[in-house]
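Okay, so here's the structure we're looking at.
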Amino acid sequence: MKQRLESDLKTAMRSGETLRRDTVRFLLAAIQTEEKARLGAAVDKLVAEGKDESARQAWLAQNKPGDLDDVAVTDVLTKQAKMRRDSIEAFRKGERPDLVQKEEKELALISAYLPEQLDEAKIREIATRVIGETGAKGPQDTKVVMPRVIAETKGRADGKMVSGVVAALLKERAS
């Protein structure tokens, strides 16, 4: 996935697509930030365990905690898409149509790299099945249902939509 982004950056630079170039650069920067954070966390853990420098270097060379797999890259892209959606909402409230339009274009570019998103009907189907499996009776069982629904829809559905669907279904159950 990261190689695809790097390739798309080169293509966008050659073709003069500034919005695509800037968006892909921002995504690659976010991925790099996550890689550094994971590497730093691993080093901190090794230091806390009392490992000396040579032992840390050997462990880091063997395990490569800073290298992100496609799942981790997708998580980073999902966070970036969520940031864009939140920005769009804020800019709409602030009556800034120019910035809304820019963020929507960036979101469309980011979405092209993400797995296909589930629609509300599919989320409702998953949530209904999980509610049945868990025996949830109403809103008080949200803490039982939500983790399982989130696990099944991770990276393929907006958390706000999932939460809304689950809350509505549990409310119907209580009635």
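The values are calculated or read from the model by the stated rules, or taken from the named source; none is laboratory data. In this text, all values refer to a predicted model and were calculated from it rather than measured experimentally. Methodologically, a virtual Cβ is constructed for each residue, glycine included, from the backbone with ideal geometry; neighbour enumeration extends over all protein chains shown. For the accessible areas, the whole protein counts, side chains as well, though only heavy atoms, and no ligand, DNA or RNA atoms are used. Shrake-Rupley method; radii C 1.70, N 1.55, O 1.52, S 1.80 Å.
Using 0.36 nm per residue and subtracting the Cα-Cα separation, the extra length available between GLU152 and ARG14 on full extension is 45.8 nm. Taking a straight line from the alpha carbon of LYS2, these lysines sit under 25 Å away, with near neighbours fewer than eight places off in the same chain left out: LYS10, LYS36, LYS64, LYS79, LYS82, LYS102, LYS105, LYS154. Other residues within the sphere of radius under 15 Å centred on the Cβ of ASP141, judged by their own Cβ, net out at +4 (K and R +1, D and E -1).
For the chain, what % of the accessible area comes from carbon and sulfur atoms, probe 1.4 Å?
Numbers: 5820 of 10870 Å².
Taking all protein chains in place, the chain shows 54 percent carbon and sulfur surface.
Between the alpha-carbon centres of segment 100-165 and segment 21-92 there is a gap of 24 Å. Spin-label pair ASP119-ASP22: with each label point 7 Å from Cα along the Cα-Cβ axis, the two points sit 3.4 nm from one another.
Other residues with beta-carbon under 14 Å from the beta-carbon of ARG4 carry, at +1 per Lys or Arg and -1 per Asp or Glu, a net charge of -1. At a probe radius of 1.4 angstrom, the accessible area of the chain per residue rounds to 62 square angstrom. The reciprocal of the average 1/r between distinct C-alpha atoms defines the Kirkwood hydrodynamic radius, which for segment 52-175 equals 17.2 Å. For ASP119, the shell of other residues with beta-carbons less than 12 Å away shows a net charge of -1, using +1 for Lys and Arg and -1 for Asp and Glu.
Sequence-distant contacts, meaning Cα pairs under 8 Å at least 6 residues apart, place the relative contact order of segment 22-175 at 20 percent.
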